[in-house]
Amino acid sequence: MRYDCLIVGTGLYGAVFAQRMREAGRKVLCIDKRDHIGGNIYSKEEHGIQVHKYGAHIFHTSDERVWEYVNRFTKFNNFVNSPIAVYGDEIYNLPFNMNTFSRMWNIKTPAEAEEIIKKQREESGITEPKNLEEQAISLVGRDIYKKLIEGYTEKQWGRKCSELPAFIIKRLPVRLTYNNNYFNDIYQGIPIGGYTAIIERMLGDTPVILGTSYRDFIAENMKKDDPDKFDLVVYTGMIDEYFGYELGNLEYRSLRFEEEYLPDNENFQGNAAVNYTAADVPYTRIIEHKHFEFGKGEGTVITREYPAKWNPGDEPYYPINDEKNSKLYESYRELADKEQNVIFGGRLGAYKYYDMDKVIAAALEMCDKVLA
Ligand code: UDP
């Protein structure tokens with residue numbers, strides 16, 4: 001059987017690609033090394049609750065094209081992400097907004113908050129933030145940095161805030177209004193029926209071979225005398241792995257999830273996401289999945305998320321976009337550019353701390369180019 005396109009990985013990037021290619025009449029084959037489709041957005045129903053098996057995913061975007069596209073494959077509920085931060089016996093709203101500031105400093109008005117942040121920024125002497133620590137202090141002051149950022153971030157990334165790039169903290173909004181919405185985007189929600197259903201609908205009747213890595217697939221199916229079996233390969237695995245790590249290993253950050261079903265508890269924490277920001281709590285957050293769907297399900301399922309050192313062979317969740325790794329990635333990128341008829345995409349293929357909507361946008365754009 002001959003296919004036009006081989007897609008390696010059935011996460012969002014691969015699934016969007018498969019969908020667009022098939023729609024354009026191309027013959028597509030997908031492979032995935034896991035025993036299920038969906039990559040890290042994979043969700044599974046347990047006890048009537050959609051459980052996000054690889055960490056919480058909340059869809060949000062301001063990109064009209066992406067929103068329109070993804071709504072072809074699901075309906076979204078009107079969930080708004082408003083995480084809670086726990087620091088010792090203190091509780092704060094996230095992202096950093098007037099609710100956070102008023103609890104922290106016992107104040108009421110934006111002018112008062114602004115004044116305190118300005119004073120703490122001036123005391124720190126930071127004018128041009130060069131790393132995450134300096135960026136955080138200059139955005140929200142030292143008190144918030146110490147209680148809500150430093151411990152969480154150092155657990156999450158396994159290194160000092162002063163050694164991390166500033167852009168990571170800029171993912172979070174800072175607002176002088178009483179608004180606990182974690183995102184600034186105009187569209188947000190959780191897909192009704194779960195994320196896996198989106199991928200299923202995108203893939204349609206595309207054949208998918210599960211439990212098969214690219215390396216094994218090539219070894220088994222593509223003999224040296226048959227190099228043109230596919231016109232195009234879309235590779236969404238780790239870019240350094242594709243090249244056999246020939247320039248060295250890119251670094252990643254991993255996660256370990258501890259899931260627990262509590263049959264006699266209908267409401268464990270009253271919110272989908274509760275962050276534990278102190279350094280002495282080993283996990284960064286607890287997700288209570290039923291709250292993504294406004295309390296549906298019997299009992300409750302919670303997941304504690306433990307950041308973990310990544311070793312080759314572990315699941316890579318986050319690329320480490322520091323200077324050293326970014327440089328190494330650029331060298332792999334040069335190799336990738338020379339690779340005929342192979343497209344690299346997704347969080348691992350592009351080695352980028354992408355959100356879901358950005359992955360879809362990148363895949364749609366690349367498909368436009370391929371199909372032009
Ligand atoms: N962060 C923090 N305290 C929190 C939540 C987030 O300091 O309570 C910082 C931390 O450095 C984290 C970054 O903000 O890596 C981005 O957080 P986000 O929630 O966007 O991370 P993700 O959900 O992608 O893991």
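If the only charges are +1 at each Lys and Arg Cβ and -1 at each Asp and Glu Cβ, what is the size of the charge dipole of region 120-166 around the Cα centre, to the nearest 20 debye?
Numbers: 8 positive and 9 negative charges, 41 e Å.
That gives region 120-166 a dipole magnitude of about 200 debye.
Out of 79, 245, 113, whose Cα points farthest toward the positive end of the dipole of the chain (charges: +1 Lys, Arg; -1 Asp, Glu; placed on Cβ)?
Farthest towards the positive pole: 113.
With θ set to phi - 60° and the Karplus curve 6.51 cos²θ - 1.76 cosθ + 1.60, what are the ³J(HN,Hα) couplings of region 250-266 in order, to the nearest whole Hz, using x for Gly and Pro?
These are the phi-based 3J(HN,Hα) values: 6, 9, 9, 10, 10, 9, 10, 10, 10, 9, 9, 9, 10, x, 9, 10, 8 Hz.
Students often check this: by mean Cβ neighbours within 10 Å, which of 142-152, 182-192 ranks highest, and how do the rest follow? Spell out each step's value before the answer.
Working: 142-152: 20.5, 182-192: 18.2.
Top to bottom by mean Cβ count within 10 Å: 142-152, 182-192.
Based on DSSP H runs of at least 4 residues, each adding -39500 (n - 2.57), what is the mean residue ellipticity at 222 nm of the chain after dividing by all its residues, to the nearest 500 deg cm²/dmol?
Values: 12 runs with 116 residues, N = 372.
-9000 deg cm²/dmol, from helical runs alone.
For the chain, with a Gaussian network of springs between Cα atoms less than 10 Å apart, report the residue from 358, 53, 170 with the top mean-square fluctuation.
Result for the chain, Cα springs under 10 Å: 170 fluctuates most.
So who's got an amide H within less than 5 Å of the one on residue 343, skipping anything under 5 residues away but keeping other chains? H placed 1.01 Å off N, in plane.
Here the answer is 233, 234, 235, since their amide H atoms fall under 5 Å of that of residue 343.
Express the accessible area of region 317-370 per residue in Å², computed with a 1.4 Å probe while the remaining protein chains stay in the model. Provide the component values of the computation, followed by the final result.
Working: 2630 Å² over 54 residues.
I get 49 Å² per residue for region 317-370.
Once the Cβ-Cβ distance between residue 80 and residue 296 is put in as r, and R0 is 22 Å, what FRET efficiency do you end up with, to the nearest 0.05? Could the numbers behind the result be given before it?
Values: r = 17 Å, r/R0 = 0.76.
About 0.85, to the nearest 0.05.
What size of dipole, in debye to the nearest 20, comes out for region 232-372 about its Cα centre when the only charges are +1 on Lys and Arg C-beta atoms and -1 on Asp and Glu C-beta atoms?
Numbers: 15 positive and 26 negative charges, 59 e Å.
Here region 232-372 has a charge dipole of around 280 debye.
What size of dipole, in debye to the nearest 20, comes out for the chain about its Cα centre when the only charges are +1 on Lys and Arg C-beta atoms and -1 on Asp and Glu C-beta atoms?
Numbers: 47 positive and 58 negative charges, 77 e Å.
Dipole about the Cα centre, nearest 20: 380 debye.
The values are calculated or read from the model by the stated rules, or taken from the named source; none is laboratory data. Being a predicted model, the structure only gives us computed values, none of them experimental. Virtual Cβ from ideal backbone geometry, glycine too; neighbours counted across all protein chains shown. Note: accessible area is taken over every heavy atom of the protein model, side chains too, but ligands, DNA and RNA are not part of it. Shrake-Rupley method; radii C 1.70, N 1.55, O 1.52, S 1.80 Å.
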